[in-house]
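Participant: Dropping the structure in here first, questions after.
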Amino acid sequence: EDQVTQSPEALRLQEGESSSLNCSYTVSGLRGLFWYRQDPGKGPEFLFTLYSAGEEKEKERLKATLTKKESFLHITAPKPEDSATYLCAVQVAGGGNKLTFGTGTQLKVEL
Amino acid sequence: DVKVTQSSRYLVKRTGEKVFLECVQDMDHENMFWYRQDPGLGLRLIYFSYDVKMKEKGDIPEGYSVSREKKERFSLILESASTNQTSMYLCASSSYRDATNEKLFFGSGTQLSVL
């Protein structure tokens with residue numbers, strides 16, 4: 001059974017304090033790994049897709065990396081507006097277009 | 001920008017009622033999905049559709065059905081609502097024509113409470 005596990009469940013950072021969120025996965029064959037951001041009361045918003053081990057993608061203060069077993073979302077010098085729940089999802093080879101999501105990491109960045 | 005619109009933001013229903021959740025997307029996407037989101041369980045796929053009048057079961061289809069009569073509209077139906085169907089329901093769409101066609105665009109969700 002395909003599994004996606006995110007850690008930590010919750011993370012509290014001071015503004016400017018860099019950290020990383022983890023997404024470990026166990027799947028039969030990875031087709032793609034996705035990161036989404038979800039603000040309270042809203043639907044998830046797409047951030048990145050990673051397809052192969054060693055791939056990296058960046059957007060502003062966020063950088064996503066992928067290995068054969070896990071992905072990291074690195075947040076450099078976060079700001080309060082980065083506070084959100086970050087979701088990881090996998091797409092499995094032969095599974096069509098559907099995504100399997102982890103339970104998310106709730107990030108709060110304080111002044 | 002892609003817009004996925006869910007008809008209700010909040011909905012309160014009684015046990016046993018038939019419930020319709022509507023979703024409309026305005027970008028001519030082929031694929032549409034219904035997820036439910038519960039604390040500690042994440043997003044779980046209920047049903048999805050790759051084309052008009054086509055539907056496929058997701059991971060938790062029991063107690064739900066769907067309808068896709070038009071490309072832009074995907075309806076989720078709770079035939080007889082139960083309290084364990086109280087949840088946030090999220091609709092999403094995607095296109096084969098997108099270079100990264102798996103990218104999902106989500107609506108804002110419908111918080112359904114079944115009393």
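The values are calculated or read from the model by the stated rules, or taken from the named source; none is laboratory data. Everything numeric here is computed off the predicted structure, so don't read it as measured data. Reconstructed Cβ throughout: ideal geometry from the backbone, glycine too, with neighbour counts over all protein chains shown. Please note that ligands, DNA and RNA were not included when accessible areas were found on the heavy atoms of the full protein model with its side chains. Shrake-Rupley method; radii C 1.70, N 1.55, O 1.52, S 1.80 Å.
Participant: Which of the residues that make up segment A:1-35 are among the charged types (D, E, K, R) and modelled with pLDDT under 95? Full working, then the answer.
Facilitator: We begin by selecting, within segment A:1-35, every residue among the charged types (D, E, K, R); these are A:1-2, A:9, A:12, A:15, A:17, A:31.
Matches in segment A:1-35: A:Glu1, A:Asp2, A:Arg31.
Participant: For segment B:66-81, indicate whether the set of residues that are within 10 Å of chain A (Cβ to nearest Cβ), closer than 20 Å to B:Val114 by Cβ and of a type outside the set (Phe, Trp, Tyr) is non-empty. Explain how you work it out, then say what you get.
Facilitator: So in segment B:66-81, the residues within 10 Å of chain A (Cβ to nearest Cβ) come out as none.
No, segment B:66-81 has no match at all.
Participant: Within segment A:35-52, track down each residue that is within 13 Å of chain B (Cβ to nearest Cβ) and more than 26 Å from B:Arg9 (Cα to Cα). So that I can check it myself, show each step before the final result.
Facilitator: Filtering segment A:35-52 down to residues within 13 Å of chain B (Cβ to nearest Cβ) leaves A:35-51.
A:Phe48, A:Thr49, A:Leu50, A:Tyr51, listed by residue number.
Participant: Still on this structure, I have one more. Quick test of your reading of the structure: B:Ile60 fulfils all but one of (1) surrounded by fewer than 19 Cβ atoms within 10 Å (Cβ to Cβ); (2) among the β-branched types (Val, Ile, Thr); (3) within 11 Å of chain A (Cβ to nearest Cβ). Name the failing condition by number.
Facilitator: (3)
Participant: I would also like to ask the following. Working only within segment A:53-97, note down all residues that are open to solvent by less than 60 Å² (accessible area, probe 1.4 Å), within 14 Å of chain B (Cβ to nearest Cβ) and not small (Gly, Ala, Ser).
Facilitator: A:Glu55, A:Thr85, A:Tyr86, A:Leu87, A:Cys88, A:Val90, A:Gln91, A:Val92, A:Asn97
Participant: Within segment A:19-34, restricting attention to residues that are away from chain B (no Cβ under 11 Å) and out of contact with any Ser or Thr (no Cβ under 6 Å at 6 or more places or on another chain), which residue is farthest from B:Cys91 (Cα to Cα)? I'd like the intermediate steps shown before the answer.
Facilitator: Here is the first cut: in segment A:19-34, the ones away from chain B (no Cβ under 11 Å) are A:19-30.
From the residues that got through so far, the ones that are out of contact with any Ser or Thr (no Cβ under 6 Å at 6 or more places or on another chain) too are A:19-20, A:25-30.
Details: A:Ser19: 31, A:Ser20: 29, A:Tyr25: 24, A:Thr26: 26, A:Val27: 24, A:Ser28: 26, A:Gly29: 26, A:Leu30: 24 Å.
Taking the candidates together, the pick is A:Ser19.
Participant: In segment B:27-36, what residues are in a strand (DSSP E or B) and over 11 Å from the mean Cα position of the chain (by Cα)? Explain how you work it out, then say what you get.
Facilitator: At the first step, the residues of segment B:27-36 found to be in a strand (DSSP E or B) are B:31-36.
B:Asn31, the sole residue that qualifies.
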